[in-house]
Amino acid sequence: MERLRIGLQLTASAIILGGGIPWCINEHAELCARGEARKRASLVAEQGRAAQARGDVDLAARAYADALALSPKDVELERLHVLALAEQVLENESTVTARNVLRLHRTLESALVSSPNEAVVELALGRVQVYRDLRPEAQKRFEAVIAREPKNARALLYLGDLQFRNEELDNAHTTLRRAVDADAASALARLVLGQVLLARRAFKEAEGFLETAAREMPKNPHVHLALGRALVAVEKWREAEVALVRALALDPELHGAQGPLGDAYLRNGKVEQAMLAYRNAYERSRDLESFKKLGRTYVQLGDFESATAVYNEVKTRAPDDPEPHLVFGLAAQISKRPDLARLAWERCVQLSQDRETDKPTGERCLSLTKALDEPTVQRKRPALPKPRP
């Protein structure tokens with residue numbers, strides 16, 4: 001009986017130990033797998049560091065994301081991934097999209113909890129907030145970095161750009177001057193400063209900054225557009241044409257380029273190309289001023305049928321604009337309908353009373369109305385207005 005008891009105990013022990021062997025083997029395999037994953041994560045992270053050293057922020061961000069997927073609890077990898085992601089946001093605007101903006105916002109905001117003074121992360125979060133139109137919050141981010149680092153050229157650039165978007169031209173001008181002083185090699189700061197100077201109508205100074213930016217960023221369509229607008233403003237028509245053609249070659253759908261290109265073409269004697277550019281400006285961007293320039297060109301060519309068609313559209317879009325009535329009157333006069341011409345010009349005079357910019361048109365219509373009572377007076381078509389940038 002005693003032998004049977006001992007035998008049963010030995011059998012039970014063997015069963016228990018036997019059951020423990022697979023458990024130990026499984027635990028060892030899991031530890032081995034984790035170690036292997038950490039090794040692979042380390043190798044992938046090295047690829048991220050190499051990409052960062054080459055300035056390839058997109059590849060670096062992807063590499064760190066892959067490394068973190070292999071070793072998700074690695075705090076250092078998480079820090080490197082967030083820094084790379086922040087650099088990617090700052091270096092490439094297309095990184096932020098409608099699909100990922102909320103995830104980026106949460107990731108960057110969470111990173112600042114553990115590292116509240118990480119400038120690159122704070123600036124990236126500010127840029128994400130600008131994308132989400134959270135402008136006051138973004139401004140606070142940029143200002144906080146500048147308060148700690150008064151010569152942080154990136155922070156100054158982003159704050160100046162935001163002030164420009166908010167139409168705070170004086171503040172933007174001051175901030176962007178500081179940005180250029182902090183980093184004289186920043187072509188992007190020169191571009192935005194040049195755009196601010198354009199808005200302040202400091203055209204000659206804008207030309208200088210934008211020429212430098214265009215040399216530094218030859219494949220950026222926006223810098224060639226801004227330079228072209230500055231060159232139109234200072235009446236360097238041939239140079240303006242080159243810059244604007246270049247801008248559209250880089251981005252055929254670029255908003256705002258067709259109108260000034262039409263001005264340059266017209267002043268360079270390329271009338272048909274100018275008219276096509278003006279029409280494109282209206283059809284692609286609803287640029288009413290350029291469409292009016294197309295109408296004026298038809299008037300100068302004596303094609304009042306086409307001019308009337310253009311100005312009928314202008315009248316629909318801008319019922320209070322007196323210019324269409326000037327042209328309707330001219331068309332009526334050509335058709336020997338002085339009664340209709342008088343009505344059109346009188347309406348032109350009425351509509352030109354409120355805005356200072358419309359008064360020259362009103363004065364022209366008033367003069368034409370008076371001339372109807374003086375048949376011997378030579379009636380002239382209005383001169384082609386000088387293109388405005």
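In table form, for the structure just shown:
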read-out	value
Estimated FRET transfer efficiency (ARG49, GLU149; beta-carbon r; R0 30 Å; 0.05)	0.75
Helix-only [θ]222 nm of the chain, DSSP H runs n ≥ 4, -39500 (n - 2.57) each, per residue, nearest 500	-25500 deg cm²/dmol
Efficiency of FRET from Cβ geometry, SER42 and ARG201, R₀ 51 Å, rounded to 0.05	0.35
Cα-based shape type of segment 193-300, given that a ≥ b ≥ c are square roots of the gyration tensor eigenvalues and the cut on a/c is 1.5	prolate
Rounded to 10°, Cα long-axis angle of helix 338-351 versus longest principal axis of the chain	50 degrees
Additional length obtainable on full extension of the chain from GLU363 to VAL101, 0.36 nm per residue less Cα span	89.0 nm
Sites matching GluC sites (Glu not before Pro) across segment 189-267 that sit in DSSP coil, with at most 12 neighbouring C-beta atoms within 10 Å	GLU253
Net charge of Cβ neighbours under 12 Å - reference LEU104; Lys, Arg +1; Asp, Glu -1	+4
Spacing of the two label points (7 Å from each Cα toward its C-beta) at ASN92 and ARG132, in nm	2.2 nm
Principal-axis tilt of helix 304-317 within the chain, Cα atoms, nearest 10 degrees	50 degrees
Two-site FRET efficiency, GLN273 against ASN312, from Cβ-Cβ distance with R₀ of 25 Å, rounded to 0.05	0.55
Crossing angle, helix 187-199 versus the chain [Cα axis fit, 0-90 degrees, rounded to tens]	30 degrees
Within segment 145-167: backbone nitrogen closer than 12 Å to the LEU112 label point (7 Å, Cα to C-beta)	145-146
Column: log10 I(q)/I(0), Debye, Cα scatterers of the chain, q = 0.06, 0.07 Å⁻¹	-0.43, -0.53
Residue pairs, from the table LYS219/LYS292; LYS236/LYS292; LYS151/LYS236; LYS336/LYS370; LYS270/LYS370; LYS270/LYS315, whose Cα atoms sit over 24 Å apart	LYS219/LYS292; LYS151/LYS236; LYS270/LYS370; LYS270/LYS315
Stretch gain in nm, segment LYS370-ILE334, where the contour uses 0.36 nm per residue and the Cα spacing is subtracted	11.3 nm
Mean Cα-pair separation over length for the chain, i.e. relative contact order, pairs under 8 Å, 6 or more apart, %	6 percent
Formal net charge of residues neighbouring THR175 (Cβ-Cβ distance under 15 Å; K, R +1; D, E -1)	+2
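Here, each number is a calculation from the coordinates, and none is a lab measurement. None of these values were measured; they are calculated from a predicted model. Cβ: placed from backbone, ideal geometry, glycine included. Neighbour counts: every protein chain shown.
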